[in-house]
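First the structure, in the form of structure tokens, and then the observations on it.
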Amino acid sequence: MTPTVVTPPGRRRTPRGRRVRVLAGGVALVVAALGLGPLTATGSAAESTPISQGKPAVASSIESDAFPASAAVDGDRGTRWSSAFADEQWLRVDLGAPVEVGRIVLDWEAAHASSYEIQLSDDAERWNTVHEARESAGGTETLEVSGTGRYVRMRGLERATEYGFSLWEFEVHAAGDSGTDPAPVPDDEVLLSHGRSGTASSSQHDGNCWECGPDKAFDSDPASRWATEPEVGWTDPGWIAVDLGAPAEISRVVLQWDPAHARSHAIQLSDDGREWRTVWSTTEGRGLKETIDIPASDNIGRHVRMYGTERAGPHGYSLWEFSVYGTGGDPIAPPPLPPNPGEPMELVWSDEFEGPAGSVPDPTKWRSDPGTGQNNELQYYTESDNALLNGEGRLVIEARRQETPGTTCPVDPLSGSTTCQYTSGRLNTHGLLDFTYGRVEARIKVSSTRGHWPAFWMLGSSFFEDGRPWPHVGEIDIMEHIGSEPNVVHSTLHAPAYFGGNGYGSSFSLPEGQSFGDDFHVYALDWNREGMVFTVDDRVVHTVDREELEATVGPWVFDGRFFLILNSAVGGDWPGPPDSSTVFPQRMTVDWVRVYQ
């Protein structure tokens, strides 16, 4: 008999109308993933400051006051300009004087231009086009251009989405500015801070951040964090320090901030943990991921401290990770990352769902996961009645309305309830298939009627094995679909810093009038330690570059083992309840599921 499995938490995603960011991985990232090869990482780098940063900017229109033209030239990749929802919109920056321009960087939000021009002008009236794009894929585009002008304009001709044109950043660089120069890294540099003892000005231990002591910043676990204590620690200054065990030559410090970050802070070194000297400081801290190069002229110390003097918000200071690199010290080796998949990848697990009609899926590959759903879902997941083979090489997960509302159902192990109005099925592979990295794909025909929520997703195995809560375990939604949007599917990531309605993902749409419930489609994920690419029928939905995710959204928590889940929910906060137009029963049909490594 299949053992009862504790119900994992439900899924939510960004509400309709709030567009989430597609991170730039570039063409190389997408091609590498679709070719089943390793994705290329980008190293830490020192970015040159664009000559456009902080300069006056105007636009043809704005979506609202929350998205002004100035947000695209403020150097903050957490703010953006967004136009009205129409073609023929533009953004212009005034450099103050004519400049020979050599490079333009467009950091697009998901609402990007499929067709646009880059233009220069001396008077903002007569324009010279120096670059034309007619099939832009969005993301981050770096354009080599040649021309001189005081004004630089992005003229959007045609939108790629139903929304407007939107840029996180519009960077203009002068000719001869090479842009990104990798910071020198010693050949023998290692992580010195992992597992070392830490101290802090205070630490939070309550329901909002349980056991958030300084050790959590040095455990190489991006899902745990240190935070200052609310009663006395949400004041300035605040600090956290690490003892490296012996004197060391420190080359760099990497801070992965929680939203409660420092606007003004310093990196300090000490020989004894009592007398400190400042070797780096800033008054313009933007949080997220900071990579700080320590000057070789003053980089010797046994103790390293982040000393915050001004908080960026009303809360305290909080770090997911505080990583110190260099030579010397008394380093403790962190757990190694799993190896990336080799080339070519091979099929390592699959289910083609062969078997007689009415039989349960192979119990060596799938566990039934009975119980109620979350997010105010209405269905009860049965032990085996609603997820059966159809005898034609397919799994059918059937959502049903009970003939008599309140029909007696099996006892829910969580609520103790024995009544239900709707039933459905949910399966997972925990304990049978738990893995890290590779290509995951499934050919699925979804149910598509109002009030339904079919999904193909993954959850971190530590949810069951270590009792770690959601979203700290990480969640990878390869495909979610709600019946009220029949032509749309969604791919989303959830982690401690971005989850629920703020999950990090993108949507994919068929032409109006078509439905994902009309036919089968292949939903796939290519995943390794550098990033992810989500596709529908080999068309890219969402690209994730790990380095940029950490620098613009929050920590990457996807190096652990994950398991697969198939389910079809009824109702819930996102799709809403069934109504008079809803048709029952609804069948989510799965042709096959495959994993390559």
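Of all aspartates and glutamates in the structure, the ones whose alpha carbon falls short of 13 Å from that of Lys289, not counting any fewer than 8 places away in one chain, are Asp76, Asp258, Glu321, Glu547, Glu548, Glu550. Shape class of the chain from the alpha-carbon gyration tensor: oblate, with a/c at 1.5 or above and b/c at least as large as a/b. Over the chain, Cα pairs under 8 Å with separation of 6+ residues give a relative contact order of 16 percent.
Residues in the stretch 54-62 carry Karplus couplings, in order, of x, 7, x, 9, 9, 9, 5, 6, 9 Hz; the curve used is 6.51 cos²θ - 1.76 cosθ + 1.60 with θ = phi - 60°, and Gly or Pro positions show x. The packing ranking, built from the mean of other Cβ atoms within 10 Å per residue, places the peptides 95-101, 115-121, 170-176, 223-229 in the order 223-229, 115-121, 170-176, 95-101, highest first. With K and R counted +1 and D and E -1, the other residues having a Cβ less than 11 Å from that of Ala227 yield a net charge of -2.
Cβ crowding within 10 Å ranks Thr543, Thr79, Thr429, Thr283 as Thr283, Thr79, Thr429, Thr543, fewest other Cβ atoms first.
As a length-normalised measure over Cα pairs under 8 Å and 6 or more apart, the relative contact order of the stretch 47-181 settles at 35 percent. Here the extension length gained between Asn208 and Ala174 equals 7.6 nm, from 0.36 nm per residue of separation less the Cα-Cα distance.
When Phe508, Phe353 are arranged by Cβ crowding within 10 Å, least crowded first, meaning fewest neighbours, the order is Phe508, Phe353.
The overall shape of the stretch 47-181, judged from the alpha-carbon gyration tensor, is rounded, with an a/c ratio under 1.5. Extension gain for the segment Ile300 to Asp330, taken as residue separation times 0.36 nm less the Cα-Cα distance, is 9.4 nm to one decimal.
Taking label points 7 Å from Cα along the Cα-to-Cβ direction, Arg277 and Ser359 give a separation of 7.5 nm.
How charged is the neighbourhood of Gly273? Take every other residue with its Cβ under 14 Å from the Cβ of Gly273, and add Lys/Arg as +1 and Asp/Glu as -1. Charge balance in the 14 Å sphere: +1.
Here is the list for the stretch 78-176: trypsin sites (Lys or Arg not before Pro) lying in DSSP coil, each with at most 16 other C-beta atoms within 10 angstrom of its C-beta, are Arg126, Arg134. Only DSSP H runs of four or more residues enter the estimate; each adds -39500 (n - 2.57), and after division by the residues of the chain the mean residue ellipticity at 222 nm equals -1000 deg cm²/dmol. Taking other C-beta atoms within 10 Å as the exposure proxy, Lys365, Lys289 rank Lys365, Lys289 from fewest upward. Among 527-540, 473-486, the peptide with the highest mean count of other Cβ atoms within 10 Å heads the list, and the full ranking is 473-486, 527-540. For a straight C-alpha distance cut-off of 28 angstrom, the lysines reachable from Lys365 (same-chain residues fewer than eight places away being disregarded) are Lys445.
Asp236 sits among other residues whose Cβ lies under 12 Å from its own Cβ, and their net charge, with Lys and Arg +1 and Asp and Glu -1, is +1.
In a reduced charge model with +1 at each Lys and Arg Cβ and -1 at each Asp and Glu Cβ, the chain shows a dipole moment near 1020 debye about its Cα centre.
The numbers here are math on the coordinates, done by the rules we state, and not lab data. This is a predicted model, so every value here is computed, not measured. Every residue, glycine as well, gets a Cβ built from its backbone with ideal geometry; the counts of neighbours run over all protein chains shown.
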